[in-house]
Every structure is written in structure tokens, then in C-alpha cells.
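*Asks:* Right, I'll just put the structure down here and ask away after.
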Amino acid sequence: MVVGGGTVGAWTAVLLAESGDRKVVLLEARTLGEGASSRAAGMVRAQGGTETAIRLGLRTQEFYAASGDRFPLDCGFVAQGYLMPCFTPAEVQQAHDRIALQRSIGLDVEWLSSDDLDNRDTGLAPGVTLGASYAPGDGYIDAPRNVLAYTAALTACGVEVRERCSFTGLRTAGGRVVGVHTSAGPIDTPHVVLTGGPQLGDVGRAAGGRIHAGGTRHQVVVTAPVPGVDVNELPMVFDVSSGIYWRPGESGGLLWGMSNPEEPPGVAMDFDTVYYHKMRDRIEELFPAVAGLGLKRSWAATIDYTPDHLPILGPLLTDDGPVEGTVVASPAGHGMMWGPAVAQVAADLTTTGTCTWLDLTDLGLDRFDADGNSRVAPEPISLPFPEKATL
């Protein structure tokens, strides 16, 4: 049983069905991909700041690249290349430290000086940075295409998808799961994977536990065509300091996204025009060709996060201890970037009880105290999410 029909839940169900002769049921309270999975910007990078982030990014890129050979439809991954520019000497040193870690794990990444950037076609204003790390294998996917791909894979693998069917609780006996309660009645099952994106905290409460994951607004826009620029020939860029990024958009426009670090957590689907104008000033400073362009599209979505920006992977914890047979799987706001890899861990834990390719020691719910404070240092290369989850 898998709860949640977003990127993590759907791919978990596919991998479980693919890995053995078992019946897999997927519950989705609304319809497949109706939440953040269909509204994401689709950035897929392995340039993380921790070993966990790097390994998850690499594994996800491998999954997307092979998806067309493995499933009826590929996920549409484009290896665009990704720049992460630096603007202070401290950021330069941090970038070099990250590059050393990333290379040690197998990521193809290099340092480009300010002069190197000025001599390439990047769209960045001359001399605006002190240099950047660059990974040619980083890229993006189109979020609706990913939903289409996993929908086709669910069908091909024989997963029983129950849309408009809400998870309402766990049934347990002797500390282990024996079934679930749903809006359509009870279902017997010895294994349950709990996903849910921004609603994962609610899923945890329904299951009788406490999951430190919340939701917050994220905004994305697509500009009118950029005059004199082929955006499909430019690398993607992530300005970590301001929390904005960009990539090629449709019809020659630039797609870029932003999150407001000062905004309180919670569900938010309306577009914050004031914050957009503030961030537009920043992107026009970095990428002058977009100055004054109108928008083709704009939208906001509630996306998930964890207090330390790292995934949650491990059993549900209740006041009576861990619930055997359960796996909580959260990508911590990196659903497109880590989703399939998080799904693989969830499938591994469900089928074998272990994961051989990722250290899960500090990724369970036991890393949080009662107030949601993590004992683990946060993943530094993330959008500026809130520091506390909504509980």
C-alpha cells in the first residue's frame, strides 16, 4: 500500500510492483499529480552540499535518463548543465569545498572563474559573479510530462490506483501495521508507504504519529521570448543567495522560480506579486536580457519541506515507538530532484528492510526532537524554506 499519488508515491508504487509478484495499491485523495508534482519547475541537480543530496541527485538523474527504456514513456529529462554562481569570497570557498565532495562521490563538476563565464554564452552580465560551479549533467524535466510518465508506468506495472480515496488511519496489531482505513473502507496490508508532499504532516497525524514536514508557497513564472537569445543553448542558473533559479521555458521564454524566506509556512496557491517584483529586480541584474519582459504564465504552488531540508526515510514513529511495516518518504521539497531516488529507498525498505546505496542513519524521524529541531546539519543548497514545520 502506498499513500499519495505524487512523484514519490507514484514512483514508489511502480518500483514495488516492478520488483516482485505482489499486489500494490496506490491511494490518492484527489487525482494523480494534482498537487505540487504537476506544478513544479522540474529542476534536477546533483550539485548538493551534503553526501545525501549528491547521491540522491545522481540516482534520480540516472533514473530519468533510463526511464524511456524501462517504462512506456520517458520523463523528458534534459541535461542542460547548471551553474551555481558565487558573489562573495566566502561563497567561492564553499563552492570549492562542495566541488571536492561532489567529485569524490562521482559527480562531473568543475569550477569556472568569472573570466571563464564571461567567455561563455551564459546570459549572465559580465563580471557580475566571482565564478561558479558547473555540472553539465544537471538538467530539468517538464513536470506534467513526469506525471504522464508515471501514470503510464502505474498502468503498465499493474498498480491498482484508487483516486479520490483518502487515507484516514492505520490499523495496527502488536506494533505492526495490518491495514489502513480509507474513505472507501478498510484495506488489509502488511506494508504501508506514507507520502503526501505538503500534506505529509496531516497524513502522519491520521496515522497516529508526528511527521516533521510542512508546506510553503513557491512561485514560478515564464517570460515572453527573450530577444536575441536562444534560452535552450544556455545553462541553468541557481542563485542560492537570493533563492532564485532559471532554465529554458516554452516558446523561447525563460522559466524562473522563487521562494520567500520570510513568509510563514502554510498552504498558499495565490501569486505574490509584490515578492515577484522584488525578485525580478534581482534576475534582471544577473540576466539583463530579461529586463522589461512580460510574462506568458505565472503560478504558485504549495510545496513540501523539512526543517533541515533533508529527506525523511524510515518508519513512522508514534508514542509507542516505530510502527513495523511502515515507511515515511519525504523528498523535503526536492520532489523532481530527488523523487525517484527517495521512491527507490522506500521500495527497498519495504521489500528488504534495508538500503545498500544510501546511509539512512540520520534520515529517520528520530533525528527530530518534539519541537521539530533536527540533530543533523541542514542541506545548504536549498530554496529558503521555513525553519519549522507546520505541526
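The values are calculated or read from the model by the stated rules, or taken from the named source; none is laboratory data. Note that the structure is predicted; figures quoted are calculated from it, not measured. Cβ coordinates were reconstructed from backbone atoms using ideal geometry, including for glycine residues, and neighbour counts include every protein chain displayed. Only protein heavy atoms, including side chains, enter the accessible area calculation; ligands, DNA and RNA are left aside. Shrake-Rupley method; radii C 1.70, N 1.55, O 1.52, S 1.80 Å.
*Asks:* Among all the aspartates and glutamates, which ones have a C-alpha under 20 Å from K388's C-alpha, if same-chain residues fewer than 8 places away are not counted?
*Replies:* D202, E262, E263, D304, D308, D362, D366, D369, D371, E379
*Asks:* Please find, in a Gaussian network model of the chain (springs between Cα atoms separated by less than 10 Å), the residue of V193, V44, V92 whose mean-square fluctuation is greatest.
*Replies:* Looking only at V193, V44, V92, the biggest GNM fluctuation is shown by V92.
*Asks:* Need one word for segment 40-104: rounded, prolate or oblate. Basis is the Cα gyration tensor (sqrt eigenvalues a ≥ b ≥ c); a/c below 1.5 gives rounded, then a/b vs b/c decides.
*Replies:* Because a/c hits 1.5 or more and a/b exceeds b/c, segment 40-104 counts as prolate.
*Asks:* Another one. Please identify the chymotrypsin sites (Phe, Trp or Tyr not before Pro) of segment 100-143 that satisfy two criteria: DSSP loop assignment and at most 10 other Cβ atoms within 10 Å. Which are they?
*Replies:* none
*Asks:* Bin all alpha-carbon pair distances of the chain at 10 Å intervals from 0 and give each bin's fraction as a whole percent.
*Replies:* 5, 24, 34, 24, 10, 3, 0
*Asks:* If you average the alpha carbon positions of segment 1-45 and of segment 165-232, how far apart do those two centres end up, in angstrom?
*Replies:* Their Cα centres are 9 Å away from one another.
*Asks:* Once you have the alpha carbon radius of gyration of segment 185-255, what is it after dividing by 2.2 N^0.38 Å, with N set to its residue count?
*Replies:* This ratio for segment 185-255 stands at 1.81.
*Asks:* Give me D for segment 269-391 in µm² s⁻¹, whole number, from Stokes-Einstein with Rh from the Kirkwood sum over alpha-carbon pairs, 37 °C and 0.692 mPa s.
*Replies:* D = 192 µm²/s.
*Asks:* Give me the tail of P(r) for segment 292-349 as a percent: Cα-Cα pairs with distance above 17 Å.
*Replies:* Here the long-distance tail beyond 17 Å is 54 percent of all Cα pairs in segment 292-349.
*Asks:* Quantify how much of the Cα-Cα distance distribution of segment 1-41 extends past 11 Å, in percent.
*Replies:* 60 percent
*Asks:* Can you give me the % of accessible surface on the chain that is carbon or sulfur? Probe 1.4 Å, all protein chains present, nothing else counted.
*Replies:* 49 percent
*Asks:* Now for a separate question. Average projected area of the Cα convex hull of segment 22-158, in nm²?
*Replies:* Projected area, direction-averaged: 10.3 nm².
*Asks:* Further question on the same structure: Taking all pairs of different Cα atoms in segment 107-265, averaging 1/r and flipping that mean, what Kirkwood radius in angstroms comes out?
*Replies:* By the Kirkwood definition, the hydrodynamic radius is 20.1 Å.
*Asks:* I've got another one for you. Where does segment 1-87 land on the Kirkwood hydrodynamic radius, alpha-carbon pairs, in angstrom?
*Replies:* Taking the inverse mean of 1/r over all distinct Cα pairs, segment 1-87 comes out at 14.9 Å.
*Asks:* In a Gaussian network model over the chain where Cα atoms closer than 10 Å are linked, find which of E284, E262, E110 has the largest mean-square fluctuation.
*Replies:* The residue with the greatest mean-square fluctuation here is E262.
*Asks:* Then there's this: Probe of 1.4 angstrom, ligands and nucleic acids ignored: what's the accessible area per residue over the chain, in square angstrom?
*Replies:* Value for the chain: 39 Å² per residue.
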